[in-house]
Amino acid sequence: MNERGFGLYVHWPFCRAKCPYCDFNSHVRETIDEARWRRALIAEIDHYGGLAGGRTLASIFFGGGTPSLMAPATVAAVIERAGRHWRFDPDIEITLEANPSSVEAANFEGYRTAGVNRLSLGVQALNDRDLKMLGRLHDAAEAISAVALARRHFERGSFDLIYARPGQTAADWESELRQAIAMAGEHLSVYQLTIEPNTVFAGAYRRGELAMPDEDTAANLFETTQDVMESAGLPAYEISNHARPGGECRHNLTYWRYGDYVGVGPGAHGRLTIDGAKRATRQHRAPEAWLQAVELEGHATRTSDPIEPSDRAAEMLMMGLRLVEGVSDANAKAETGRGLDELVDGARLARLVEGGFVERSAQGLRATAAGRQRLDAVLAELLAGANLSMARN
Amino acid sequence: MTDLSHIRNFAIIAHIDHGKSTLADRLIQLCGGLSAREMRDQVLDTMEIERERGITIKAQTVRLAYRAKNGRSYELNLMDTPGHVDFSYEVSRSLAACEGSLLVVDATQGVEAQTLANVYQAIDNNHEIIVVLNKIDLPAAEPERVKQQIQDVIGLDASGAVAISAKTGLHVDQVLEALVERLPAPKGDGNAPLKALLVDSWYDAYLGVVILLRVKDGHVKAGTKIRLMSTGAAHEVDRVGFFTPKPETAAELGPGQVGFLTAGIKEVADCKIGDTITEDRRPMAEALPGFKPSVPVVFCGLFPVDAAEYGQLRESLAKLRLNDASFQFEPETSAALGFGFRCGFLGLLHLEIVQERLRREFNLELITTAPSVVYRVHLTNGDILELHNPADLPDPVRIDHIEEPWIKATILVPSDYLGPILKLCEDRRGVQLDRTYAGSRAMLTYRLPLNEVVFDFHDRLKSVSRGYASFDYQLDSYQEGQLVKLTILVNAEAVDALSCIVHGHVAESRGRALCVRLKELIPRQLFKIAVQAAIGGRVIARETISAMRKDVTAKCYGGDVSRKRKLLDKQKEGKKRMRQYGNVEIPQSAFIAALKIGDD
């Protein structure tokens, strides 16, 4: 059984500009009163600390939006406040997502001093034409120096790339990926571009202005990526995440292993066991409404619902099969009181095993490389016949 | 009791949109049948669907009180009849209740095929026919050309035609005068035993079954014990009356009169159109001529999209049948589509109407399988099987030969489109019987196999003629055909809902088209899928849907769990509507879409 960890997610919802592909909860504002925002984030930490305090915190993750627009003092205050409610694991991982522009790079050292020990940079592309197309505010040269600077200040880190961009050839991507690997440390996230609803790209795609690769091209790009990364010593440990052994993002592993995490800030989600029942929590999404609610009530929780055992089982499989390690029987038992064989339909599982999409071992269930590449279909198949309603705590 | 010489009974014959209902509205208004407040467009079309599509499904009558220019008062009975080929028998019975007809022709359009069949029926019923040219207020009206066409195409003297605009009311009074002057009065003997024609019947929630009738001889009133000759069943009349179009109770109905009666009858199915109504105490020796029970000619399967709605579908079909005895249904089970019903209809329009009413009035989402005709399968042991469902076709070794129904079709088309129409008819195995020209239009008479007509013929006809061709048909005879059963297999398993009986010549192309279509419709899945078309055991076409290569959400973190799980829940719901073929599941929607293969 892998340690699932316990994490804290902090959402900073602001960006300097909205990227055309992004459907995250991010907003552009002329000015913000950062002191108010700092007080509000701290208030929510106090709220959840009161509900589920005393545990050992294995990770903190500042996500967004663009958390590198936060003043280092705000980051420091949040980390300090978390420490009042939860014991910090000696190896605590504290990640901050940052944009690789020169403006933001100026704050890197400050974040390090504030307690951040892992930086995740939104590089996205290593050529100016594509960076522009993706609506990024930095150029390739800035990104390259930001990565170098981050590696000087932080022992751990990662950066993101987006591939299968309109007009990108397989050869273009392969050489760009090799260049990225040469720059990378222990971790790299590579995402295939997908068109998300309610984005600028969605409109352009609908109007036929974006030529997206067809399924076979997308599959070839995915397979090439897997091969190149693996031979470079950065194998996938999750669908889109690659690391040298030990370099995995512990915070994200908590999500995929279906551990507990607290979510604070606008639109943040959590999975948190309170009084023995695992709950799905969600904070108010709109930034100003969130701020007002926190100032009035001390928190902006919109929902905090106990999760049905059947839904817990589904969520655990859905997240866990994204990992190369898969889902262990031990975790399944801990979460639902039942072993994996009791949770899924035997005939469907057998078909998937026979097709080479999943593997069942004495320890657990995992998706193969072929299965991970088609995981949405595999999950639909596996969970359709699942007798999950029988699962009990 | 109105003197026979003061009664005129007439029907209105017209093509869709040529103004039949509008003219009826004007006649009712002129005779004061309804106040302005009660008047609305197409008052006689009571069903929503009739009003919307401009077609009449049920016969309606209106008694008009008209004071003619000669100073005498007349009782005019207007019979609004169904105007479509599917209901030609119903039309013939309505016509049999009248002595004359108004032939309404759109002066901007001219004669259409549907009009022809009904005019000929009226002529067969010895009707005096008054030609009415409608829409003469429109700039495009060409009354002289249309008159000539009526003479050339129908062979009817149109010199006395009344030119009107039903819309503006222009010269509508002349129509009333013509009815009085030119139509013969009905004949009948008031002292003879009751003899009446059952014109139509429908179910009323309060009154039970209402019978529309035309009295030939004798009288009928409340208390009369009537007998329906086809079944011998006797009923005591509760009430007689007529429509203005509002129902009005009358003391009695006598010879020459048209009206309604109720007699505590429970089922419309017991009141067959064309039946003879007589007095139980003094029955007629012989029934009126022309009665025949209605026989469905087109069959299809109706399945609820949501299997949970099966019970509701059964109830709805039963309710519809209360009012429409010509439509039949029996339970059917399909491996691909689940539980449903095999339904029989008088024709394609009838099928569409029933389907649409189920959808609208009963709020049911339905899957309709490809319409099929009734085949006569001659077995080697000498038995003859009437086949309503291609899935029931016996093993080919037991079949000696198969007969299929042929129709006689009349097509009217502007000469410019003649070429493609001829080609369409030839492609559909048509045999030309006649080709004549009237002005710029051609009239074609073809013999065609009905199974080629139920398969998208009408849509094709409209599309190759840009909507200008009009088409009508009547059943002709059964004829032996080189027919085969085309089976569609998915991963070597037959999809019953897609099997059909086709002529040997088209089987291959039809099979190939279905395979290609299914390949487009069935989404890639984890496993590859073989789609095949076969005749008997011989595979004639094959398509392979290759296995899916990539299908995975790129980003899924702590904030995405709830949304992603709900998506999976939705997919799980969707899987309930899938059917397992080997190791793949095919969405029902793919079969539904494939069934619409003729639509484009």
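The values are calculated or read from the model by the stated rules, or taken from the named source; none is laboratory data. Here the structure is a predicted model, which is why all the values come from computation and not from measurement. For neighbour counting, all protein chains shown are included, and Cβ atoms are generated from backbone atoms with ideal geometry for every residue, glycine included. When the accessible area is computed, the model is the full protein with side chains, heavy atoms only, and any ligands, DNA or RNA have been set aside. Shrake-Rupley method; radii C 1.70, N 1.55, O 1.52, S 1.80 Å.
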For the stretch A:2-254: relative contact order, % (alpha-carbon pairs under 8 angstrom, 6 or more apart): 19
Gyration tensor verdict on the stretch B:265-422 (Cα atoms; rounded if a/c is under 1.5, prolate if a/b is larger than b/c, oblate otherwise): rounded
Euclidean distance between Cα centres, the stretch A:8-45 to the stretch A:262-296, Å: 14
Whole-Å semi-axes of chain B's equivalent ellipsoid (Cα gyration tensor): 48, 28, 25
Only Lys, Arg (+1) and Asp, Glu (-1) charged, at Cβ; the protein assembly as shown dipole about Cα centre in debye: 1200
The stretch A:313-390, accessible surface, carbon-and-sulfur percent (1.4 angstrom probe): 51
Fraction of antiparallel bridges per DSSP, the stretch A:2-254 only, in percent to nearest 5: 15
Overall form of chain A per C-alpha gyration tensor (a/c, 1.5; a/b vs b/c): oblate
Residue with peak Gaussian network fluctuation, chain A [Cα springs, cutoff 10 Å], from A:Ala35, A:Ala367, A:Ala17: A:Ala35
Sum of side-chain charges, B:Ile529 neighbourhood, beta-carbon under 13 Å (Lys, Arg +1; Asp, Glu -1): +1
Geometric extent, Cα atoms of the stretch A:313-390 - Rg, Dmax (angstrom): 10.9, 30
For B:Ile265, distant residues with modelled amide H under 5 Å away: B:Val209
DSSP-defined antiparallel bridges as percent of all bridges, the protein assembly as shown, nearest 5: 75
1.4 Å probe, heavy atoms, protein only - residues of the stretch B:520-551 losing at least 30 Å² accessible area vs chain alone: B:Arg524, B:Leu526, B:Phe527, B:Met548, B:Arg549, B:Lys550, B:Asp551
Accessible area of the stretch A:163-306 belonging to carbon and sulfur atoms, whole % at 1.4 Å probe: 49
Summed buried accessible surface, chains B and A, 1.4 Å probe, nearest 100 Å²: 3500
Value of [θ]222 nm, deg cm²/dmol, for chain B, DSSP H segments ≥ 4, -39500 (n - 2.57) each, nearest 500: -7500 deg cm²/dmol
Whole-Å semi-axes of the protein assembly as shown's equivalent ellipsoid (Cα gyration tensor): 76, 32, 29
Radius of gyration and maximum dimension Dmax of the stretch B:447-544, Cα, Å: 16.3, 51
Amide H partners (placed H, <5 Å) of B:Val552, local residues excluded: A:Asp376
Accessible area (Å², per residue) of the protein assembly as shown, counting only protein heavy atoms and a probe of 1.4 Å: 41
Amide H contacts of B:Thr224 (H built 1.01 Å from N, under 5 Å, at least 5 apart or other chain): B:Val237
Signed unit charges on C-beta, dipole axis of the stretch B:538-600, positive-most listed residue B:Val539, B:Thr553, B:Tyr581: B:Thr553
Cysteines (scope the protein assembly as shown) whose Cβ has no counterpart Cys Cβ under 4.7 Å: A:Cys15, A:Cys249, B:Cys31, B:Cys98, B:Cys271, B:Cys300, B:Cys343, B:Cys425, B:Cys500, B:Cys515, B:Cys556
Calculated P(r) of the stretch A:234-381 - Cα pairs past 21 Å, %: 52
Percent RCO, i.e. relative contact order, over the stretch A:1-71, from Cα pairs under 8 Å lying at least 6 residues apart: 58
Summed side-chain charge close to A:Leu323 - residues other than A:Leu323 whose Cβ falls under 12 Å, Lys, Arg +1, Asp, Glu -1: +2
Environment charge of A:Asp216, counting only residues whose C-beta is closer than 11 Å and scoring Lys/Arg +1, Asp/Glu -1: 0
Heavy atoms of B:Met284 accessible to a 1.4 Å probe, total area in Å² rounded to 10: 40
Listed pairs B:Lys187/B:Lys221; B:Lys20/B:Lys221; B:Lys555/B:Lys575; B:Lys195/B:Lys272; B:Lys20/B:Lys147 exceeding 26 Å between Cα atoms: B:Lys20/B:Lys221
Area of B:Ile411 that stays accessible when all protein chains are in place (1.4 Å probe, Å², to 10): 0
